[in-house]
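The values are calculated or read from the model by the stated rules, or taken from the named source; none is laboratory data. Since this is a predicted model, take the numbers as computed values, not measurements. Counting neighbours? That spans all protein chains shown, and the Cβs are built from the backbone with ideal geometry, glycine included. Protein only, heavy atoms only, side chains kept; ligands, DNA and RNA dropped before computing areas. Shrake-Rupley method; radii C 1.70, N 1.55, O 1.52, S 1.80 Å.
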Amino acid sequence: MAIKKQVIKTKPVVKVTFSLEAKEANTAAVVGDFNNWNPAEGELSKLKNGTFKGTFDLGKDASYEFRYLVDGTFINETEADSYQWNDFANAENSVLAL
């Protein structure tokens, strides 16, 4: 798993690329505060090598809770900036700080 952040100097956004290796998976999405936890808005594309990848423009100077949704199972990002307990999910969410 990996997160790449690219600050856009001319806009108040950061291009964030999420990469997730899941060769056996059929579907993967990144869901979080930035897309109302909607898998359709965070769909990741599967590459030939089995990695799922997607790039999203997120507002900078903010932090976002998120998780990956892989074939219906939530997974945290191992390279997250931090983790935040979520009572609704009864689990920790990954946190992305921009």
Completion exercise
Honestly the chain on the Cα gyration tensor test (a ≥ b ≥ c root eigenvalues; a/c under 1.5 rounded, otherwise a/b vs b/c for prolate or oblate) is just oblate
Problem - Solvent-accessible heavy-atom area per residue, rounded to whole Å², over the range 11-98 at 1.4 Å - result: 57 Å²
Problem - With all protein chains modelled, accessible area of Thr27 [1.4 Å, Å²] - result: 80 Å²
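How many percent of the accessible area of the chain is carbon or sulfur, using a 1.4 Å probe? Present the calculation step by step, with values, prior to reporting the outcome.
Working: 2830 of 5960 Å².
The value for the chain is 48 percent carbon and sulfur by accessible area.
At R0 = 25 Å, how high is the FRET efficiency between Lys5 and Lys46 if r is their beta carbon distance? Nearest 0.05 is fine.
Taking R0 as 25 Å, the efficiency between Lys5 and Lys46 is 0.65.
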Handout entry: Under 26 Å from the Cα of Lys11 - lysines, other chains or at least 8 residues apart
Key = Lys53, Lys60
Exercise for the section: Mind jotting down the distance between the C-alpha centroids of the range 72-97 and the range 13-62, whole Å? Expected result: 14 Å
Exercise for the section: Go through Gln84, Val30, Gly54 and say which Cα lies farthest out towards the positive end of the charge dipole of the chain; charges sit on Cβ, +1 for Lys and Arg, -1 for Asp and Glu. Expected result: Gly54
Fill in the blank from the handout: Non-local residues with an amide H under 5 Å from the amide H of Phe52, with H modelled 1.01 Å from N and Pro and chain starts lacking one, are Leu20, Glu21, Ala22, Leu47
